[in-house]
Amino acid sequence: CLALGAALGLHLNFTGPGNFILLVGIVGVALAHFYTAPPVKLSYRGLGELAVFLAFGILPVVGSYYVQAGTWSWRVVLASLPIAFATVLVLWVNQVVDYEPDRDTGKRNLAVVMGPAAAGRGAVLALALLIFGSLFAAVFTASLIPLTLVAVLAFGLIRTIVADCWTQYKHPDRLAEASSSAIRLHLTLGIIIAGSALAAIGS
């Protein structure tokens, strides 16, 4: 998959202006490969969350925009933040669930470094606030259109995630609903943001 993606990326880079897509591709491939690959092993050194934030949030949006527009701006970065934070939340809830196995095998991700209480309570709440805070910031700066705020209807999902992790962080077997809600929140945000953009084009 990395080879196919790299081939497509090289084609886009050579048919577009500059070498920005090449740079995005190199960073993306490096993050994907070294997420678990030695000697870097980002996910074992408290850097996996940042790698996911960039590789599954910011880089795809910025790269896609550049391919179509031939430029980029900080507003594009702002537009990518809600999905970037939602992606990290999916990873984070899974890390809360896997806290003991990760700790026992020496995988020192940020959840292990922070400890179960801080990871299951403070960090989950912070990510929830960052998701919706970045959504409002993107709309306020005209990085996303106001219709995107329909995403606040997904509040029930974020409430489930925060409430479950807050009370059950010591019982990973009880966090199945939080894990599935995090995935559904990510999907819901993606559909709403994409759908809002398409609606704007149609109008």
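The values are calculated or read from the model by the stated rules, or taken from the named source; none is laboratory data. Remember, predicted model here, so these are calculated numbers, not experimental data. Virtual Cβ from ideal backbone geometry, glycine too; neighbours counted across all protein chains shown. Ligands, DNA and RNA are stripped out before the accessible areas are found, and what is left, the full protein with its side chains, is counted by its heavy atoms. Shrake-Rupley method; radii C 1.70, N 1.55, O 1.52, S 1.80 Å.
In the range 1-58, how many are assigned to a helix (DSSP H, G or I), of a type in the set (Ser, Thr, Tyr) and open to solvent by 40 Å² or more (accessible area, probe 1.4 Å)?
Residues flagged as assigned to a helix (DSSP H, G or I), of a type in the set (Ser, Thr, Tyr) and open to solvent by 40 Å² or more (accessible area, probe 1.4 Å) within the range 1-58 amount to 2.
In the range 141-176, which residue that is in contact with a Ser or Thr (Cβ under 6 Å, 6 or more places away or on another chain) and not aliphatic (A, V, I, L, M) is surrounded by the fewest Cβ atoms within 10 Å (Cβ to Cβ)?
Result: 160.
Among the residues of the range 194-203, are any in a loop (DSSP other than H, G, I, E, B) and exposed (fewer than 14 other Cβ atoms within 10 Å of the Cβ)?
Checked the range 194-203: at least one residue is in a loop (DSSP other than H, G, I, E, B) and exposed (fewer than 14 other Cβ atoms within 10 Å of the Cβ).
In the range 177-186, which residues are open to solvent by 50 Å² or more (accessible area, probe 1.4 Å) and in contact with a Ser or Thr (Cβ under 7 Å, 6 or more places away or on another chain)?
177, 186
List every residue pair whose Cβ atoms sit under 7 Å apart, with the two residues 6 or more apart in sequence or on different chains, where the first one lies in the range 4-31 and is over 24 Å from residue 50 (Cα atoms) and in contact (Cβ under 8 Å) with a residue 24 or more places away in the chain and the second, anywhere, is open to solvent by less than 40 Å² (accessible area, probe 1.4 Å) and not polar (S, T, N, Q).
Listed by first residue and then by second, the contacts come to 12/21; 16/70; 17/70.
So which pairs qualify, if the first residue must be in the range 113-131 and over 21 Å from residue 79 (Cβ atoms), the second must be of a type outside the set (A, V, I, L, M, F, W, C), the Cβ gap must be under 6 Å, and the two must be at least 6 apart or on different chains?
Close Cβ pairs (under 6 Å, with a partner that is of a type outside the set (A, V, I, L, M, F, W, C)) amount to 113/46; 116/99; 116/169; 120/169.
So residue 189 ticks every box in (1) over 13 Å from residue 94 (Cα atoms); (2) open to solvent by 30 Å² or more (accessible area, probe 1.4 Å) but one. Which box is left unticked?
Among (1) over 13 Å from residue 94 (Cα atoms); (2) open to solvent by 30 Å² or more (accessible area, probe 1.4 Å), the lone unmet condition for residue 189 is (2).
Can you tell me which of (1) at positive phi; (2) under 17 Å from the mean Cα position of the chain (by Cα) is the one residue 194 doesn't meet?
In the conditions (1) at positive phi; (2) under 17 Å from the mean Cα position of the chain (by Cα), residue 194 misses (1) alone.
Can you name every one of the helices (runs of 4 or more DSSP H) wholly within the range 60-126 that holds 1 or more residues which are open to solvent by 50 Å² or more (accessible area, probe 1.4 Å) and charged (D, E, K, R)?
74-97, 99-104
Pairs under 8 Å by beta carbon, first residue over 14 Å from residue 12 (Cβ atoms) in the range 62-75, partner assigned to a loop (DSSP other than H, G, I, E, B), six or more apart or different chains?
75/141; 75/142; 75/143
Among the residues of the range 160-174, write down those that are farther than 18 Å from residue 126 by Cα and assigned to a loop (DSSP other than H, G, I, E, B).
Scanning the range 160-174 gives 170, 171.
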